[in-house]
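Taking it in order: structure first as structure tokens, then the write-up.
The values are calculated or read from the model by the stated rules, or taken from the named source; none is laboratory data. None of these values were measured; they are calculated from a predicted model. FYI the Cβ positions are ideal-geometry reconstructions off the backbone, even for glycines, and counts take in every protein chain you see. Quick note on the areas: whole protein, heavy atoms, side chains included, nothing else; ligands and nucleic acids left out. Shrake-Rupley method; radii C 1.70, N 1.55, O 1.52, S 1.80 Å.
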Amino acid sequence: MDKVVLYEAESSQIKISMLLYFDDKHQLVFDGYDIGPAVEEIFGDSDYEYSYTIAWNEVLKIASLLSMDLSDRMAFLEKLKSMFQGNDAYSKFGAFLKEKDIQ
């Protein structure tokens, strides 16, 4: 399964991982996971998961907006990575989905 890393960081207080990939149902998945003492201090639990799952018909809308061909899914993922990578990837991606009315 092809995946791109939008952001990864690790310290003694926190480990952060944000990935973007297609699952076996052809859905686009944004998968985020934070773990560590800093997370427990904020959320009361040592791990925090967050995600977006975009259905194929909505992925087609994104591809159209970006003038991308989905026959090369890795190129599509890399394009999204170039747009949303960084510690604020989840917020940027969510704002894009809302702005473009992607479900």
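Remark: relative contact order (the chain) = 25 percent; criterion is Cα-Cα distance under 8 angstrom and separation of 6 or more residues.
The rule of thumb for compact globular proteins, 2.2 N^0.38 Å, goes into the C-alpha radius of gyration of the range 44-85 1.49 times. Ignoring everything but the protein chains, give the 1.4 Å probe accessible area of Glu40 in square angstrom, nearest 10. Probe radius 1.4 Å; accessible area of Glu40 about 100 Å².
Estimated purely from DSSP H runs of n ≥ 4, each contributing -39500 (n - 2.57), the mean residue ellipticity at 222 nm for the chain is -11500 deg cm²/dmol once divided by its residues. Between the listed residues Tyr21, Ser11, Phe96, the Cα displaced farthest toward the positive end of the dipole of the chain, a dipole computed from Cβ unit charges relative to the Cα centre, is found at Phe96. Give the angle, between 0 and 90 degrees and rounded to the nearest 10, that separates the Cα long axis of helix 56-65 from the longest principal axis of the Cα atoms of the chain. The answer is roughly 80 degrees.
A straight chain from Met74 to Ser17 at 0.36 nm per residue would run longer than the Cα-Cα distance by 18.6 nm. For the chain, a crude dipole built from +1 on the beta carbon of Lys and Arg and -1 on the beta carbon of Asp and Glu, taken about the Cα centre, is about 500 debye to the nearest 20. Annotation: extensible slack from Tyr50 through Met83 equals 10.0 nm (criterion: 0.36 nm per residue apart, minus Cα-Cα distance).
A cut-off under 10 angstrom between Cβ atoms defines the neighbours of Ile14, and their net charge, with Lys, Arg +1 and Asp, Glu -1, is -3. Relative to the longest principal axis of the Cα atoms of the chain, the long axis of helix 73-84 makes an angle of roughly 50 degrees. Within the accessible surface of the chain, defined with a 1.4 Å probe on protein heavy atoms only, the carbon and sulfur portion equals 47 percent.
Would you mind telling me which residue in Gln27, Gln85, Gln13 has the biggest mean-square fluctuation in a Gaussian network model of the chain, where springs connect alpha carbons within a distance under 10 angstrom? With Cα springs under 10 Å in the chain, the top fluctuation among Gln27, Gln85, Gln13 is at Gln13.
Average accessible surface for the chain: 60 Å² per residue, computed with a 1.4 Å probe over protein heavy atoms with every protein chain in place. For Asp31, the shell of other residues with beta-carbons less than 10 Å away shows a net charge of -1, using +1 for Lys and Arg and -1 for Asp and Glu.
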